[in-house]
Amino acid sequence: MDRHNWDQQNYGTGFHDGAYQRKTSKRAVTDYGSSMVHWMRNRQPRYKGAPKVELERPSPSYIAQMMPPTAKPHHPADAIPAKHLHSSLNKARHAVNVVRWTPEGRRLLTGSYSGEFTLWNGTAFNFETIMQAHDVAIRSATYSHNEDWLLSACNDGVIKYWQPNFNNVKAIQAHTDPIRGISFSPNDAKFVTASDDATLKIFDFSGGVEESTLTGHQWDAKTVDWHPTKGLLVSGSKDHQVKLWDPRTGRCLTTLHGHKNTLTKTLFEPSRGQLLATCGRDQVARVFDLRMMRDICLLRGHEKEVSTLTWHPFHTCLLSTGGNDGSIFHYLLNEPNTPANTTTSIPPYDSADPKNAPAQTIYPAHRLQHAHDMPVWSLDWHPLGHILASGSNDRVTRFWTRARPGETDCFNDRWHIGGEAAEMLGTWDRRNGKRSMREEEEMEIEDEADGLVDQTMPSRNQATLPGLPGLTLPSANASIDNNSSAPIRNGLPAPNNNLPPPPMIPPPGGIPGMDPAKFAELLASGKFPPPPPPGIHAQGFPPPPPLPPNFDFSKFPPGLFPPPIPIPPPPSQEPSPGGLPGLNDNPGGGGGSVRRRGPLPSQQESLKMEQQKGKYRPVR
């Protein structure tokens, strides 16, 4: 799952083909395909009584035996992301408010304070594409359970609908204040929003119509989540209260007390849905059991406000939190990890009176004290559970994964013990670190320059070739130098003068250099003059005009004119099903100043062309 390979290209320096090549640093790549194949091959015994697969040991020789987190459901400690993989940042830096993995896990979507969506590769972590999604800061984004839609919300209270290829199909004004949270219902038929106007609103997804408004909070509603299987909502507010709601009636079922400051995140456990995690600015995160309607775990360790948290997709007892000081802590709910000289508490389940027993205090199983330089606003796990992405106010998106067997240097790097301590231990060099960071920034700028290809359309007063946007017809006064090698005029390459030109229609007024009386005699006799000698186009004469659209070829001898060249149809503006994000150019989508590559061919039009050829039956 976490085999870290390296990009083996452009390592050398010096001159090559007359140009100086700058040495580029290695790019970390996480290839999880071999680990998945290894697990699928060995997860079932080949015959009855076969021995089980040997577990990993802390030795580099067991790197090839690494299993994905889903292969070891009883070993959540092996999935703790303790190793730093990569730091990704845009050329124009802005605070990263939202990080979300795409449903297939191939890319990471980030929403910034400037209202931009940025896509990062999920394997090499390099830049892929960027687009202006909102006019103001993006505050929340979520994917539907069927993986067909993305909802994003901003500071203006606007919610936008996005397809997987990032075609914006709809926008609604849900609130007048910033929207802090958004969540889908289990069947994706509805979604709920939480806003700074102290209300929750439930919308019908297909129509985008507001169905009900939930009121009860006395201050700004900062977070909301819909239960993964039940008709149950949870919200957290600035009034220090956690409320559970019935979305059918809009009634508040109960209020959970315990936090002494503003709530920043409330999230149901995604696998079973029996636990509820909350965090706030009181430097504490709590875990509630919905069957008991009380808190069972008290997560301590943060020295400042807890800004966000997330559950592991497979391990129900692994919880990760991000703090305002840039730290990321990982908790194991079945391991208290009590520090020395501290009394270990017991869980309420093991006490004689579970209803009135105090909550168990749990300390971090792993600490990334210097993960970011500023508050961590968002955390999200890869769908396979092997990479954790974090977005922070320091304008950097970072990727974290578990350490490989036998790897211990990652626990003494600058992310764990700080830059000065790591420099003293020799695990980090400040000078080389700055150079590596500068090289990474240059690589990201190069990737962004390669990925951003603006599709500029020609001006309206310029004649263009039909079906080929951006290419213009050659002008009549464009002169071509016979000695130049393949010159470019008006966007088209010059013709090869060594080839004989095709037959032409005489221009109005005759051919330059010919007697007008002889030319009139040829016209009266019905015979056209012979084609000009090679090179006449290069002597300053204008090229012949094109044939008219309704030109009748049957009135002339066969072979006199070449067959007409078919003009390809214009590219389809419909988004291709399953298209790659950032590669479909749909100007009608309303995404707003989208900078991306050219359009992909439409599968629907390709099928129609094949049906016209008789290869497929018509659509029923």
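Points worth noting:
- Scanning the range 363-380 for residues that are closer than 16 Å to VAL96 by Cα and part of a strand (DSSP E or B), we see that the one that is most open to solvent (accessible area, probe 1.4 Å) is TRP377.
- When THR262, THR213, THR223 are checked against the criterion of being open to solvent by less than 20 Å² (accessible area, probe 1.4 Å) and out of contact with any His (no Cβ under 9 Å at 6 or more places or on another chain), THR223 stands alone in meeting it.
- In the range 327-339, the residues that are free of Cβ contacts under 8 Å to residues at least 60 places away in the same chain reach residues that are open to solvent by 30 Å² or more (accessible area, probe 1.4 Å) and of a type in the set (Lys, Arg) with C-beta atoms within less than 8 angstrom, at least six apart or across chains, in these pairs: SER327/ARG367; PHE329/ARG367.
- Scanning the range 286-318 for residues that are open to solvent by 10 Å² or more (accessible area, probe 1.4 Å), among the hydroxyl-bearing types (Ser, Thr, Tyr) and closer than 23 Å to HIS257 by Cβ returns a single hit, SER307.
- Residues in the range 319-360 that are open to solvent by 30 Å² or more (accessible area, probe 1.4 Å), among the hydroxyl-bearing types (Ser, Thr, Tyr) and outside any loop (DSSP other than H, G, I, E, B): TYR349 alone.
- Filter pass, ASP177 being farther than 26 Å from MET131 by Cα and either open to solvent by 20 Å² or more (accessible area, probe 1.4 Å) or β-branched (Val, Ile, Thr) (or both): no
- Qualifying residue in the range 180-192 (condition: open to solvent by less than 40 Å² (accessible area, probe 1.4 Å), touching a residue at least 40 places away in the same chain (Cβ under 8 Å) and acidic (Asp, Glu)): yes
- When THR229 is tested against the conditions (1) among the β-branched types (Val, Ile, Thr); (2) touching a His at 6+ places or on another chain (Cβ under 8 Å); (3) over 21 Å from CYS154 (Cβ atoms), the lone failure is (2).
- Qualifying residue in the range 410-423 (condition: open to solvent by less than 40 Å² (accessible area, probe 1.4 Å), on the phi < 0 side of the Ramachandran plot, part of a loop (DSSP other than H, G, I, E, B) and modelled with pLDDT under 95): yes
- Top-ranked residue of the range 17-64 - restricted to ones that are small (Gly, Ala, Ser) and modelled with pLDDT of 75 or more, ranked as nearest to GLU407 (Cα to Cα): SER59
- Scanning the range 59-94 for residues that are touching a Leu at 6+ places or on another chain (Cβ under 8 Å) and in a loop (DSSP other than H, G, I, E, B) yields PRO68, ILE80, PRO81, ALA82.
- Unmet criterion (only one of (1) modelled with pLDDT of 95 or more; (2) open to solvent by less than 20 Å² (accessible area, probe 1.4 Å); (3) not hydrophobic (A, V, I, L, M, F, W, C)) for ASN165: (1)
The values are calculated or read from the model by the stated rules, or taken from the named source; none is laboratory data. Quantities reported herein were computed from a predicted structural model and do not represent experimental measurements. Methodologically, a virtual Cβ is constructed for each residue, glycine included, from the backbone with ideal geometry; neighbour enumeration extends over all protein chains shown. Note: areas computed on protein heavy atoms with side chains; ligands, DNA, RNA excluded. Shrake-Rupley method; radii C 1.70, N 1.55, O 1.52, S 1.80 Å.
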